[in-house]
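A short write-up of the structure that comes next.
Readers should treat all values here as calculations from the given coordinates under stated rules, not as data from a laboratory. Worth saying up front: this structure is predicted, and the values here are computed from it rather than measured. Neighbour counts run over all protein chains shown; Cβ positions are idealised from the backbone, glycine included.
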Ligand SMILES: Cc1ncc(COP(=O)(O)O)c(C=O)c1O
């Protein structure tokens, strides 16, 4: 089989829209183009029907109810609403939130904003695998704590959070639990009921849907959770997120969620196998390969490694034919070492030599073999130059 170059191995940055998703979206651009809020005629009703179906498809993926899905422009906005919206709505209860040092900037910068507004934030450290310590979480809780926000899966190193335990601790203390599920949702099973998740950020473009659309799951019962809006206007999305709905994108998001639900188990198994093969073969062929992140509690399609004596920026220069990420694509404007790898406690060298390889639905075994060969070649060149 011939391989189409360059090989895309950066699915944690974004995924292509699945062609089946695109087919579902297309009628909503020029034919069913109505405004989903204009329900005095059939155009609006058709659009609304598409939105309602998508809401159900997304709710089903996470075991929620349709009216608990609030459409946003993506996980960045969902994270902002979760942190700023809870801080405002529950200000009467307390002024303290708990998060973690390896969160995405959408959470970290929202937390910083809250500090500027006079709130108190605890940033929990992580261990060398990227997980928080549950005793430290318990110890950080005060009577003023209103929110715990810990990401479900890290976008750089793929480490999963102990969601069940965090959810249990939050529930025991009557604290709202938000998790940024941008990288997790659609790739591993996620049940908001079983895990006691109160708020969940989702992004369509990480699960083979279009860019610029996402959702915030907001729990309605046991307990009913409320968030103050950060965008004001026509009162769409239960007043939490005003703005005319992006119907084609929402329809695509729904279709993508349904496909993930159907294909997730098989896809995870296949990609986990590919990641294990890459790690094994690179470790055999190259000296000084270290896995960043947890060895088993990790996303099935993410591999983050550091290669001794190399710089990840040199790799990406040498490897024009494979698209991998040096650190996090969410932060390429930032020339400093990754805050995530630094937080693992290994120092700058390991952070600066880290490569993120992330696989996806269209990744083939041939592409994996090709990438392994190219990374081995490039490592040998770079390690020789370093000597
Ligand atoms: C963990 C995490 N949170 C939030 C985001 C932002 O998502 P979006 O691009 O939908 O705003 C990303 C994507 O880069 C992410 O990986």
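Worth a mention:
- Among 210, 223, 16, residue whose mean-square fluctuation peaks in a GNM of the chain (springs only between Cα atoms under 10 Å): 223
- Size of the stretch 232-354 as Cα extents on the principal axes (Å, biggest first): 58, 35, 30
- The base-10 log of I(q)/I(0) for the stretch 111-159, evaluated at q = 0.26, 0.33 Å⁻¹, reads -1.11, -1.28 [Debye formula, identical scatterers on Cα atoms, solvent excluded].
- Rounded, prolate or oblate (a/c below 1.5 giving rounded, otherwise prolate when a/b exceeds b/c) for the stretch 217-263 by Cα gyration tensor: oblate
- Whether the stretch 1-117 is rounded, prolate or oblate, judged on the alpha carbon gyration tensor where a/c under 1.5 counts as rounded: oblate
- Per-selection Rg to Rh, the stretch 64-195 - Cα, Kirkwood hydrodynamic radius: 0.93
- Choice from 150, 197, 231 showing the highest fluctuation, given a GNM over the chain with Cα pairs closer than 10 Å: 231
- Between helix 163-172 and the chain: long-axis angle, C-alpha atoms, 0 to 90°, nearest 10: 40
- Projected over all directions and averaged, the alpha-carbon convex hull of the stretch 17-80 occupies 5.3 nm².
- Ascending count of other beta-carbon atoms within 10 Å, so fewest first, for 79, 221: 221, 79
- Cβ-based exposure ranking for 88, 156, 366, in which fewest neighbours within 10 Å come first: 366, 88, 156
- Here the ratio of the Cα radius of gyration of the stretch 58-134 to 2.2 N^0.38 Å is 1.25.
- With Cα atoms, 0 to 90° folded angle of helix 247-285 axis to the chain main axis: 20
- For the chain, modelled as a GNM whose springs connect Cα atoms under 10 angstrom apart, the maximal fluctuation among 215, 153, 265 occurs at 265.
- When DSSP beta bridges are restricted to pairs lying wholly in the chain, around 50% turn out antiparallel.
- Per-residue Cβ neighbour rank within 10 angstrom, fewest leading, 180, 349, 135: 135, 349, 180
- Helix-only arithmetic for the chain: the sum of -39500 (n - 2.57) across DSSP H runs with n ≥ 4, divided by the residue total, places the mean residue ellipticity at 222 nm at -12500 deg cm²/dmol.
- Overall form of the stretch 156-257 per C-alpha gyration tensor (a/c, 1.5; a/b vs b/c): oblate
- Over the C-alpha trace of the stretch 19-258, radius of gyration and Dmax come out as 17.7, 58 angstrom.
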